[in-house]
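**Q** Quick one: this structure, given as structure tokens, is what I'll be asking you about.
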Amino acid sequence: MGITLDASRSSALFDILSHYDTYAEIRDFRYPGALKHYGPPFQAQDGRPSTSPALQTLVGNFLVTLPSLKNVSEDFWKVQVEEIIENFAHANLSESYDKGAIGLRKTLATAISALVEYPVRGIYGGCAQIDDSNPHYDLTSAEDLARGFQDFVNGSIYGTALEDIAKTGAETDNLDDHSDLAKAFHEFVLVNLASFIHFTLVLSPQGLYLLKLIESANKLIPYMLIRQTLKISNVASMISAMIRIVLAKMSVTGVTNWIGLTKSKDDGMNLLQYIINTVLYWDIRELEGRATKAKRELAKLSQEQLQTLKEYAFKAQAEQEKARQESYNESIPIVTVILRSSSLPHDLTDLQHSHALEYLSLNLAIRDRREIIRCLCHSYPDRLTAAIRQVVDVYEPNIRSLHHAVNLSEALGDLEAFIHDIIRVAKIQVNHHSGESTVPTVADFVAVNRRHQHSLHKFLHQICKNSPDFVAVYMDWAKKAASHFRPDTTSSDVGTSSNLTGQLNDLFSTLDPASQQEILPILDQHSGYLDAMQADSLARLQRLIKSCPRSNEPAIATAKLQSSSSSSPSSSSNPHPHLLSPPPPSLAAPTSASASGHISRPDNGGGTFSLSRLHHYFKGGGDTPKTPTWV
């Protein structure tokens, strides 16, 4: 008699599989050809399943069906967007593993994954209908806020929650006039958004750097010019002027190309590209200065060793992957592998290793920024500008509706004030008299959200009141999108969400008895972890609501983000994941379903996002190669 998974274990199994699959799909975009078998709206070979089924399903159900965006030509996806992604893949941007620390792209990829995995589970697992919901909510109770969020989601899928909030929004911009359900949902989202921003900008390893990038880019945006342009009463003239401000290429080469005197491929940069180029160039200058200083101070490393480390940044992706795998398999630092492969002295002291890793990291960072500038600002043809023009063209009717319904200039001013406030609050404040520093808390970001919430309420009220046709179009899209979260009780296809527990049991039954006994404790541990995380999150939310404590712990969504980003292997002296601080149960860097108790990530063999694909996580036992996740 085989083992049958109960609801708790089935839920834990589905959480683990969807968690790793979503992150793996996002991560795989770094490899050239990742979109070759992605499926619609990109290129796909007939009869071959998508290699990124979870993301492809989200894109197909929600993104490409957006009003107006669904009207873009096929080459928008198959040429413009696909080539931009391919250019980044061919750029071979560096890995966090090589730098010995979690990088910005790792932080962003993990953040995106932590958010995306929730709708992925909703699509494939479905959201059960709640029939007996209590319509009364205490806004000072964390449990009531969480229940309000669930009830609003349930009402959006099965009821009229979206229509109700839009109807009230057309009548007033006062939050107090909305239903208790809407107010509970609003409060829950406001606090969790503050928690997410706090983790991303304050707690994450790259938070300070990301804040610096945002601040630098924000300073270069000509808000005053754009606000004046948005005041133009004629919509066609306003759109034309905005296009010229943002996308016109201002350079001598651009002018001479336009009048036919030259035919240079690089015809300059538009405003958006100028901002990207300037911000990253400031970074490059700073990094080059640090690299030059480090090179002078690293007297104990020879010039040959330093040059070899610098050249590693320009090696082919296959060579770098080989070096990482060698470092991981032998549990030795990446700099040792690099120097050893060039037959140079590689028996470094701890101090020499630290200096070498710093020099390697600086050169990798410099190359990354140059490649990003090349891909976005100096590529030919200019896919970024072409893609933006196509989007503006199809969204012109929407822009006309918004121009009629809303004071866009005032709305931009409100957005500018909000961004400025977020940047100000996110900075660590230092008392010049005592020397003590004050780290921003979640409560600080909650306060920012509260200060600016009325600006958003006013913006949405104007749209709902003055442009009912616009609201109707997007309401229709939202209702269809919400319907995708209803469990499919009619289809028997293994790839659907019907009878998910049964499908998970079918998958589990294909494992041999020894593997099943090995995995059951993992599922029990992960189920306990999810329950503990939920309870801990509610407790923190309750403390924040009642007394706004100076706590630096994230809410439930960011708790997964934090545990995921902290569990990746690095190229330090102990690069193996199991030698690092243990992450929460079942959230360590995935390896194989062997004696280690970890779970293998699927290969790129693809398949629909069904149990046949997820089967790769457990199938194969100790035969699955143990490979680290590098990003």
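**Q** Scan the range 424-436 and tell me whether some residue there is within 27 Å of His198 (Cβ to Cβ), acidic (Asp, Glu) and not in a helix (DSSP H, G or I).
**A** At the first step, the residues of the range 424-436 found to be within 27 Å of His198 (Cβ to Cβ) are 424-436.
Filter once more, keeping what is acidic (Asp, Glu): 436.
This time we only want the ones that are not in a helix (DSSP H, G or I), so: 436.
The answer is yes, given that some residue of the range 424-436 is within 27 Å of His198 (Cβ to Cβ), acidic (Asp, Glu) and not in a helix (DSSP H, G or I).
**Q** Look at Gln453 and say whether it is at pLDDT 95 or above, within 25 Å of the chain's Cα centre (by Cα), more than 25 Å from Leu211 (Cα to Cα) and of a type in the set (S, T, N, Q).
**A** Answer is no for this residue.
**Q** Okay, next question. Tell me which residues, restricted to the range 51-86, are out of contact with any His (no Cβ under 9 Å at 6 or more places or on another chain) and among the hydroxyl-bearing types (Ser, Thr, Tyr).
**A** Hits for the range 51-86 are Thr65, Ser68, Ser73.
**Q** Taking the range 356-384 as the region of interest, how many residues are assigned to a helix (DSSP H, G or I), in contact with a Lys or Arg (Cβ under 8 Å, 6 or more places away or on another chain) and surrounded by fewer than 20 Cβ atoms within 10 Å (Cβ to Cβ)? Don't jump to the end; show me each part of the working.
**A** So in the range 356-384, the residues assigned to a helix (DSSP H, G or I) come out as 356-377, 383-384.
Retained after the next criterion (residues that are in contact with a Lys or Arg (Cβ under 8 Å, 6 or more places away or on another chain)): 357, 359-365.
Retained after the next criterion (residues that are surrounded by fewer than 20 Cβ atoms within 10 Å (Cβ to Cβ)): none.
Number satisfying all stated conditions: 0.
**Q** Can you name the residue in the range 86-96 that is assigned to a helix (DSSP H, G or I) and at pLDDT 90 or above and is also surrounded by the fewest Cβ atoms within 10 Å (Cβ to Cβ) among such residues?
**A** Selected residue: His90.
**Q** Check Glu25 against each of (1) modelled with pLDDT under 90; (2) touching a helix residue (DSSP H, G or I) at 6+ places or on another chain (Cβ under 6 Å); (3) charged (D, E, K, R) and name the one condition it does not meet.
**A** So Glu25 meets the others, but not (1).
**Q** Here's something else I'd like to know. Report every pair of residues separated by at least 6 positions or lying on different chains whose Cβ atoms are under 6 Å apart, first residue within the range 399-410 and of a type in the set (A, V, I, L, M), second surrounded by 16 or more Cβ atoms within 10 Å (Cβ to Cβ) and part of a loop (DSSP other than H, G, I, E, B).
**A** Here the result reads Ala405/Ser467, each pair linking the range 399-410 to a residue that is surrounded by 16 or more Cβ atoms within 10 Å (Cβ to Cβ) and part of a loop (DSSP other than H, G, I, E, B).
**Q** Also, I was wondering about something else. Select from the range 14-34 the residues that are part of a loop (DSSP other than H, G, I, E, B) and either without any contact (Cβ under 8 Å) to a residue 40 or more places away in the chain or on the phi < 0 side of the Ramachandran plot (or both) and list them in ascending order.
**A** Scanning the range 14-34 gives Tyr31, Pro32, Ala34.
**Q** Please specify each residue of the range 517-537 satisfying the condition of being surrounded by fewer than 17 Cβ atoms within 10 Å (Cβ to Cβ) and over 18 Å from Asp15 (Cβ atoms).
**A** Gln517
**Q** Tell me, which helices (runs of 4 or more DSSP H) lie completely within the range 159-221 with 2 or more residues that are surrounded by 17 or more Cβ atoms within 10 Å (Cβ to Cβ), in contact with a strand residue (DSSP E or B) (Cβ under 9 Å, 6 or more places away or on another chain) and in contact (Cβ under 8 Å) with a residue 60 or more places away in the chain?
**A** Passing ranges: none, list empty.
**Q** Another question about this same structure. Please work out which residue is modelled with the lowest pLDDT, limiting yourself to the range 228-250 and to residues that are assigned to a loop (DSSP other than H, G, I, E, B) and either over 28 Å from Tyr395 (Cα atoms) or not hydroxyl-bearing (Ser, Thr, Tyr) (or both).
**A** Of all residues in the range 228-250, those assigned to a loop (DSSP other than H, G, I, E, B) come to 231-234, 248-250.
Add one more test, that the residue is either over 28 Å from Tyr395 (Cα atoms) or not hydroxyl-bearing (Ser, Thr, Tyr) (or both), and what stays is 231-232, 234, 248-250.
On the way: Lys231: 96, Ile232: 95, Asn234: 94, Ala248: 87, Lys249: 81, Met250: 70.
My answer is Met250.
**Q** Glu74 fails exactly one of the following numbered conditions: (1) surrounded by fewer than 19 Cβ atoms within 10 Å (Cβ to Cβ); (2) closer than 21 Å to Ala481 by Cα. What is the number of that condition?
**A** Evaluating Glu74 over (1) surrounded by fewer than 19 Cβ atoms within 10 Å (Cβ to Cβ); (2) closer than 21 Å to Ala481 by Cα leaves (2) as the failure.
**Q** Also, I was wondering about something else. Give me the residue from the range 125-147 that is crowded, with 17+ Cβ neighbours inside 10 Å and in a helix (DSSP H, G or I) and, out of that set, farthest from the chain's Cα centre (by Cα).
**A** Asp144
This table checks each residue for (1) more than 28 Å from Cys377 (Cα to Cα); (2) outside any helix (DSSP H, G or I).
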site: Ala12; (1), (2): yes, no
site: Pro41; (1), (2): no, yes
site: Trp77; (1), (2): no, no
site: Ile84; (1), (2): no, no
site: Ile102; (1), (2): no, yes
site: Arg121; (1), (2): yes, no
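**Q** Sticking with this one: Give just the number: which of (1) hydrophobic (A, V, I, L, M, F, W, C); (2) part of a helix (DSSP H, G or I); (3) surrounded by 16 or more Cβ atoms within 10 Å (Cβ to Cβ) does Leu348 not satisfy?
**A** So Leu348 meets the others, but not (2).
**Q** State yes or no: is Ser179 among the polar types (S, T, N, Q) and under 24 Å from Ala472 (Cα atoms)?
**A** On the way: among the polar types (S, T, N, Q): yes; under 24 Å from Ala472 (Cα atoms): yes.
Criteria met by Ser179.
**Q** State all residues of the range 1-44 that are in contact with a Lys or Arg (Cβ under 9 Å, 6 or more places away or on another chain), more than 30 Å from Ser73 (Cα to Cα) and polar (S, T, N, Q); if no residue qualifies, say none.
**A** Residue satisfying the conditions is Ser18 alone.
**Q** Here's a follow-up. Output yes when any residue across the range 431-444 is surrounded by fewer than 17 Cβ atoms within 10 Å (Cβ to Cβ), closer than 30 Å to Asn61 by Cβ and free of Cβ contacts under 8 Å to residues at least 24 places away in the same chain, and no when none is.
**A** Looking through the range 431-444, none of the residues is surrounded by fewer than 17 Cβ atoms within 10 Å (Cβ to Cβ), closer than 30 Å to Asn61 by Cβ and free of Cβ contacts under 8 Å to residues at least 24 places away in the same chain.
**Q** Here's a check for you: in the range 291-336, which residue that is touching a residue at least 12 places away in the same chain (Cβ under 8 Å) and hydroxyl-bearing (Ser, Thr, Tyr) is surrounded by the fewest Cβ atoms within 10 Å (Cβ to Cβ)?
**A** My answer is Ser331.
Per-residue answers, yes or no, for (1) at pLDDT below 95; (2) among the polar types (S, T, N, Q); (3) within 30 Å of Ala386 (Cβ to Cβ):
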residue: Thr256; (1), (2), (3): yes, yes, yes
residue: Gly268; (1), (2), (3): yes, no, yes
residue: Leu271; (1), (2), (3): yes, no, yes
residue: Glu297; (1), (2), (3): yes, no, no
residue: Glu304; (1), (2), (3): yes, no, no
residue: Gln307; (1), (2), (3): yes, yes, no
residue: Lys310; (1), (2), (3): yes, no, no
residue: Gln317; (1), (2), (3): yes, yes, yes
residue: Glu326; (1), (2), (3): yes, no, no
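**Q** Go through the range 394-408 and count every residue that is exposed (fewer than 15 other Cβ atoms within 10 Å of the Cβ) and within 13 Å of Met242 (Cα to Cα).
**A** Residues that pass the stated criteria total 1.
**Q** To continue, here is another question. Condition test on Ser113, is it buried (at least 21 other Cβ atoms within 10 Å of the Cβ), under 25 Å from the mean Cα position of the chain (by Cα), in a helix (DSSP H, G or I) and not aliphatic (A, V, I, L, M)?
**A** Taking the combined requirement at face value, the residue satisfies it.
The values are calculated or read from the model by the stated rules, or taken from the named source; none is laboratory data. In this text, all values refer to a predicted model and were calculated from it rather than measured experimentally. So basically every Cβ, Gly included, is an ideal-geometry build from the backbone, and we count neighbours across all protein chains shown.
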